Amino acid sequence: MSEQRTERPPVPEPLPHPVVDNHCHLDIGRDGEPWAVGEAIATAASVGVTRIVQIGCDLPGARWAVEAAAAHPELVAGVALHPNEAPRILERGGRAALEAAWDEIDLLAGAHDKVRAVGETGLDAFRTGEEGRAVQVESFRRHIDIARRRDRTLVIHDRDTHAEILEVLDAEGAPDRWVMHCFSGDADFARACLDRGAHLSFAGTVTFKNAEPLREALRIAPLDRILVETDAPYLTPSPHRGRTNASYLIPLTVRAMAAVRGEDLEVLCAAIDANTEVAFGGSWHPESANKS
């Protein structure tokens, strides 16, 4: 019997070593209301996904991310205006509203020691046309500045804008820590990002049949620069593509990544866990994260 779209996929076999889902949207529902945060965290932990980076994409989402990270030791937060959000704010409220939104993101980035990232920011040529490109670039530049001043990890969204992303980063200077969220390029683009100091984060897309260039990028990436994410509730890995994603499905992606690389699964898991701490500025293990 085939799965119904609204049914959650079954819980996979646990991983042999803990890993971190470094990009998740626990506040966003896809086929109904979002999953209860505590249940989502517990189910992920049951398969070895013990920590999550909760990403805000607009002002309400960024506020929610900060509050959630403060309340749950398994979480840290990223705050930003998504590349498609900046043009919307400008259209709805004008320049003053956009300036106020950037100012609030700046304040939220420094609001709590569990806010580890500024992102997701970047560029998107799929949902925003040429008329919105200038403000996307300006917003990206503003977020880079915030990440550098606040010593936060920059998390980059890149959809059909590989060359433009690198142009802005080269002009502004990348922060010490930056992550290509849901890496979508080929091996050549991977090398260009790695040469500039990036960590590459792979999502469920690496399991898709038409993603061989992405798998080639994964093969050439050094073990110490690889991360894994869900982008939940989106980008569910095969064989459940099209269903609602959640952090507990990370084992499907990690096992596929290990097979692509010919890597021992436990070695890859341990590397991802350690790499995520480097990429996001240190540990936040649940037993110690709120001790400050």
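Does residue 283 qualify as being touching a helix residue (DSSP H, G or I) at 6+ places or on another chain (Cβ under 9 Å), surrounded by fewer than 16 Cβ atoms within 10 Å (Cβ to Cβ) and in a loop (DSSP other than H, G, I, E, B)?
So residue 283 passes the test.
Looking only at residues in the stretch 104-137 that are in a helix (DSSP H, G or I) and not hydrophobic (A, V, I, L, M, F, W, C), which one is farthest from residue 166 (Cα to Cα)?
Taking the candidates together, the pick is 104.
What are the pairs, 6+ residues apart or on separate chains, where a residue within the stretch 215-228 that is more than 13 Å from residue 194 (Cβ to Cβ) has its Cβ under 8 Å from a residue that is buried (at least 16 other Cβ atoms within 10 Å of the Cβ) and of a type in the set (Phe, Trp, Tyr)?
228/202
What number of residues in the stretch 219-232 are crowded, with 20+ Cβ neighbours inside 10 Å, outside any strand (DSSP E or B) and on the phi < 0 side of the Ramachandran plot?
4
Any residue at all in the stretch 52-61 that's free of Cβ contacts under 8 Å to residues at least 60 places away in the same chain and polar (S, T, N, Q)?
Checked the stretch 52-61: at least one residue is free of Cβ contacts under 8 Å to residues at least 60 places away in the same chain and polar (S, T, N, Q).
Given the conditions (1) farther than 24 Å from residue 69 by Cβ; (2) modelled with pLDDT of 95 or more; (3) of a type in the set (Gly, Ala, Ser), which single one is not true for residue 109?
It is condition (1) that residue 109 fails.
Search the stretch 156-184 for residues that are within 14 Å of residue 139 (Cβ to Cβ) and surrounded by fewer than 21 Cβ atoms within 10 Å (Cβ to Cβ) and pair each with any residue that is modelled with pLDDT under 95 and among the aliphatic types (A, V, I, L, M) when their beta-carbon atoms are under 9 Å apart and the residues are at least 6 apart or on different chains.
From the stretch 156-184, the pairs are 164/125.
Please tell me if residue 111 is of a type outside the set (D, E, K, R), under 28 Å from residue 237 (Cβ atoms), touching a helix residue (DSSP H, G or I) at 6+ places or on another chain (Cβ under 7 Å) and surrounded by fewer than 20 Cβ atoms within 10 Å (Cβ to Cβ).
no
Quick check on the stretch 65-87: of everything there that is in contact with a Ser or Thr (Cβ under 9 Å, 6 or more places away or on another chain) and assigned to a helix (DSSP H, G or I), which residue is nearest to residue 20 (Cα to Cα)?
In this case the residue turns out to be 85.
Out of everything in the stretch 68-101 that is surrounded by 21 or more Cβ atoms within 10 Å (Cβ to Cβ) and among the small types (Gly, Ala, Ser), what residue ends up being farthest from the chain's Cα centre (by Cα)?
Among them, the one singled out is 101.
Just to be sure I understand, how many residues within the stretch 158-179 are assigned to a helix (DSSP H, G or I) and farther than 23 Å from residue 130 by Cα?
0
Tally up the residues in the stretch 11-37 that are buried (at least 17 other Cβ atoms within 10 Å of the Cβ), free of Cβ contacts under 8 Å to residues at least 40 places away in the same chain and part of a loop (DSSP other than H, G, I, E, B), please.
Selection size over the stretch 11-37: 0.
Taking only the stretch 180-211 into account, find how many residues are in a loop (DSSP other than H, G, I, E, B), under 22 Å from residue 55 (Cα atoms) and out of contact with any strand residue (DSSP E or B) (no Cβ under 9 Å at 6 or more places or on another chain).
Looking only at that region, the number is 0.
Of the conditions (1) without any contact (Cβ under 8 Å) to a residue 60 or more places away in the chain; (2) surrounded by fewer than 21 Cβ atoms within 10 Å (Cβ to Cβ), residue 151 clears all except one; give me its number.
All conditions pass for residue 151, except number (1).
So which of 174, 203 is modelled with pLDDT under 95 and under 20 Å from residue 23 (Cβ atoms)?
Going through 174, 203 in turn, the sole match is 174.
I need a count of the residues in the stretch 234-254 that are touching a Pro at 6+ places or on another chain (Cβ under 8 Å) and surrounded by fewer than 20 Cβ atoms within 10 Å (Cβ to Cβ).
Looking only at that region, the number is 1.
The values are calculated or read from the model by the stated rules, or taken from the named source; none is laboratory data. This one's a predicted model, so the numbers in the text were calculated from it and none came from an experiment. Positions of Cβ are generated from backbone atoms using ideal geometry, with glycine treated the same way; all protein chains shown enter the neighbour counts.
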